[in-house]
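Step one of this worksheet: look at the structure below.
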Amino acid sequence: MAEIVIVHDEAAAGALVADEIVRLIGADPATVLGLATGSTPLPVYEALRPRLHGVDVSRVRGFALDEYVGIDPAHPESYRSVIAREVVEPLGLDPSRIRTPDGSADGIERHGEEYEAAIAEAGGIDLQILGIGTDGHIGFNEPGSSFASRTRVKTLTEQTRRDNARFFDSIDDVPMHCITQGLGTILRARHLVLLAFGEGKAAAVAAAVEGPLTASLPGSAIQLHPHATVIVDESAASHLARADYYRYTYANKPDWQGI
Ligand code: GLP
């Protein structure tokens, strides 16, 4: 199963993941990162900033999880813009080495395959950062997504559009479609790190980690991965039946094991 780490706050989670990313880049300057958007990964990017001072990041590559379809790439809430603003620019990454799925409607039927090919050509993703939606989606793989799915176009649920309306003027401005790495794509990354904070994520986290494997809860796919780490604060951990065991395990973790 995934390793569950319950931390005091978002900053502690960010520090844990940032330390691991710096370690990876130190071992391989051409590390390939799987980048997530949304509010959840922000503490990771914030913690990375000071840690990357003096680190050569010129060869680091990155692939975003998903993008809205039909949104102007220059729109401030396109994931391309979000990744540029929150990750590429503050961390000094080379923009030409960071990719977001192409959400332009023109040729959309080919974009998924092209994205898969680009990830494969980069040698696969070393560490994939993940958030989780309140309906259990990861990336934009809404309930019902196949565990074998690859990068493709999906229709967003009403719940996700409502959740994401806070980034737009109104829910009507939230795109109806998206292009997202599939669950099968995500499962091929070498290390999955799923983060969740706050009571609103508690039910989705418990279902993903302790519930049955089911396409109805796409986050449960992480149970299939040999190296998945789930980092949650106390509120997001509040529905976990075995929280005490996870605390005990982490407290007794051998020093030589990273996350
Ligand atoms: C969005 C993104 C996901 C993200 C999720 C949670 O729809 N496509 O990648 O994990 O919603 O967002 P947040 O972290 O803001 O709660």
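Starting from the Cα-Cα distance between Asp94 and Glu234, subtract it from 0.36 nm times their residue separation and give me the gain in nm to one decimal.
46.8 nm
Mean Kyte-Doolittle of at least -1.0 and a Cα length of 18 Å or more along the axis: which whole DSSP H helices of the chain meet both?
The qualifying helices are 10-27, 108-121.
For the stretch 133-169 and the stretch 85-129, what is the separation of their Cα centres, given in Å?
Using only Cα atoms, the two centres lie 18 Å from each other.
For a test of the definition: using alpha carbon positions, the gyration tensor, and the 1.5 limit on a/c, classify the stretch 61-161 as rounded, prolate or oblate.
Because its axes are fairly even, with a/c under 1.5, the stretch 61-161 counts as rounded.
In the chain, if the dipole is taken from +1 on Lys/Arg beta carbons and -1 on Asp/Glu beta carbons about the Cα centre, which of Val232, Ala84, Tyr245 is farthest to the positive end?
The Cα lying farthest towards the positive end belongs to Tyr245.
Please report the antiparallel percentage of the DSSP beta bridges confined to the chain, to the nearest 5.
Details: 8 of 30 bridges.
Percent antiparallel among DSSP bridges in the chain is about 25.
How many percent of Cα pairs in the chain exceed 31 Å? Let's see the in-between values first.
Details: 6193 of 33411 pairs.
So the portion of pairs separated by more than 31 Å is 19 percent.
Which percent, to the nearest 5, of DSSP beta bridges fully inside the stretch 8-144 are antiparallel? Before the final figure, lay out the partial values.
Details: 1 of 9 bridges.
Bridges in the stretch 8-144 that DSSP calls antiparallel: roughly 10 percent.
Assuming R0 = 41 Å, what is the FRET efficiency of Val55 and Leu213, from their Cβ-Cβ distance, to the nearest 0.05?
Efficiency, rounded to the nearest 0.05: 0.60.
Quick check on packing: order 11-17, 132-138 by the mean number of other C-beta atoms within 10 Å, highest mean leading.
Listed from highest to lowest mean packing, they are 132-138, 11-17.
Can you check what the net charge comes to around Trp256, using other residues whose Cβ is under 15 Å from the Cβ of Trp256 (Lys, Arg +1; Asp, Glu -1)?
Here the charged neighbours net out to -2.
Readers should treat all values here as calculations from the given coordinates under stated rules, not as data from a laboratory. Since the structure is predicted, the reported quantities are computational estimates derived from the model, not experimental observations. Cβ coordinates were reconstructed from backbone atoms using ideal geometry, including for glycine residues, and neighbour counts include every protein chain displayed.
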